[in-house]
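S.K.: The structure under discussion is supplied below as structure tokens; questions concerning it will follow.
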Amino acid sequence: MTVDVQALFRKARIMPVVTIETADQAVPLAHALLEGGLTAIEVTLRTPAGLPGIDAIARYVPQMAVGAGTVLSPADLRAVAEAGASFALSPGSTPDLLVAAKTSPIPFVPGVATASEVMAVLAAGLTTMKLFPASIVGGVPMLRALAGPLGEAMFCPTGGVSLDNAGAYLAEPNVLCVGGTWIAPLDLIRAGNWGEITARAAAAVAAFPG
């Protein structure tokens, strides 16, 4: 059954965007985030460990909704679906990806940075998008500007989102959730500092309750 990605994002509110270097980091990372109260994670394909990491979380931590980030091609979209990802995100969108999304077994969330890109994604039949890089392309004022003429579009802003500004994004009616690296940065993952990651997750949940 296809995931209702908007419902999933609304429930999650805060989605850690993570890059892992070895697949064995994936399961303890997912458990650490769950312990802190977070329910969704974006594992990027920036390293070879991304795909097997997604597979491991999908298999061994089914309570965590695992999404694949940095999906750049239809082949990537097929691969992450086969690995068990519940949804896929991209920093942008291409015509080929938007076509592939129509037959994908999992929801595809394309990245957008302009009104024209939002319009192209809406024309392809998708209403859930990733505003990226959010802080550079206008942040909250950009979201407010888009809301008027393109009110159907719903966003997960990512890029420059932090504990300090996440609340401003989440207050906007066209924002489903925010994505950020501050909860589980690479240095903490590399060190296996799962306790600190759990603490950061719990702080985010406490700061932005659903």
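S.K.: Scan the range 180-191 and give yes if some residue there is free of Cβ contacts under 8 Å to residues at least 24 places away in the same chain, in a helix (DSSP H, G or I) and touching an Asp or Glu at 6+ places or on another chain (Cβ under 9 Å), otherwise no.
M.R.: There is at least one residue in the range 180-191 that is free of Cβ contacts under 8 Å to residues at least 24 places away in the same chain, in a helix (DSSP H, G or I) and touching an Asp or Glu at 6+ places or on another chain (Cβ under 9 Å).
S.K.: Can you tell me which of V27, V61 is of a type in the set (A, V, I, L, M, F, W, C), in contact with a Phe, Trp or Tyr (Cβ under 8 Å, 6 or more places away or on another chain) and either at pLDDT 95 or above or farther than 19 Å from R200 by Cα (or both)?
M.R.: V27
S.K.: In this structure, does L126 turn out to be among the hydrophobic types (A, V, I, L, M, F, W, C), part of a helix (DSSP H, G or I) and either free of Cβ contacts under 8 Å to residues at least 24 places away in the same chain or in contact with a strand residue (DSSP E or B) (Cβ under 8 Å, 6 or more places away or on another chain) (or both)?
M.R.: So L126 fails the test.
S.K.: Could you tell me which numbered condition Y169 fails, if it satisfies all but one of (1) part of a helix (DSSP H, G or I); (2) surrounded by fewer than 21 Cβ atoms within 10 Å (Cβ to Cβ)?
M.R.: The single condition Y169 does not satisfy is (2).
S.K.: Of the numbered conditions (1) buried (at least 23 other Cβ atoms within 10 Å of the Cβ); (2) farther than 28 Å from T127 by Cβ; (3) of a type in the set (S, T, Y), T22 satisfies every one except a single condition; which is it?
M.R.: The number of the failed condition is (1).
S.K.: Can G139 be described as closer than 21 Å to F9 by Cα and either over 14 Å from the mean Cα position of the chain (by Cα) or not aromatic (F, W, Y) (or both)?
M.R.: For G139, the condition - closer than 21 Å to F9 by Cα and either over 14 Å from the mean Cα position of the chain (by Cα) or not aromatic (F, W, Y) (or both) - is met.
S.K.: Further question: Go through the range 57-71 residue by residue and tally those that are buried (at least 19 other Cβ atoms within 10 Å of the Cβ), closer than 16 Å to K11 by Cα and free of Cβ contacts under 8 Å to residues at least 40 places away in the same chain.
M.R.: So the count comes out to 2.
S.K.: Assigned to a loop (DSSP other than H, G, I, E, B), modelled with pLDDT of 95 or more, loosely packed, with under 15 Cβ neighbours inside 10 Å and within 16 Å of the chain's Cα centre (by Cα): does that describe S162?
M.R.: Spelling it out, S162 is indeed assigned to a loop (DSSP other than H, G, I, E, B), modelled with pLDDT of 95 or more, loosely packed, with under 15 Cβ neighbours inside 10 Å and within 16 Å of the chain's Cα centre (by Cα).
S.K.: Which numbered condition in (1) closer than 22 Å to A206 by Cα; (2) in contact with a Leu (Cβ under 7 Å, 6 or more places away or on another chain) is the only one that L34 fails?
M.R.: (2)
S.K.: Determine which member of the set S104, S135 is part of a loop (DSSP other than H, G, I, E, B), in contact with a strand residue (DSSP E or B) (Cβ under 8 Å, 6 or more places away or on another chain), hydroxyl-bearing (S, T, Y) and touching a residue at least 12 places away in the same chain (Cβ under 8 Å).
M.R.: Of S104, S135, the one residue that is part of a loop (DSSP other than H, G, I, E, B), in contact with a strand residue (DSSP E or B) (Cβ under 8 Å, 6 or more places away or on another chain), hydroxyl-bearing (S, T, Y) and touching a residue at least 12 places away in the same chain (Cβ under 8 Å) is S104.
S.K.: Report whether or not A113 is more than 25 Å from A26 (Cα to Cα), without any contact (Cβ under 8 Å) to a residue 40 or more places away in the chain and either exposed (fewer than 15 other Cβ atoms within 10 Å of the Cβ) or touching a Cys at 6+ places or on another chain (Cβ under 8 Å) (or both).
M.R.: no
The values are calculated or read from the model by the stated rules, or taken from the named source; none is laboratory data. These numbers come from a predicted model, not from an experiment. Note that we place each Cβ from the backbone using ideal geometry, even for glycine, and neighbour counts take in every protein chain shown.
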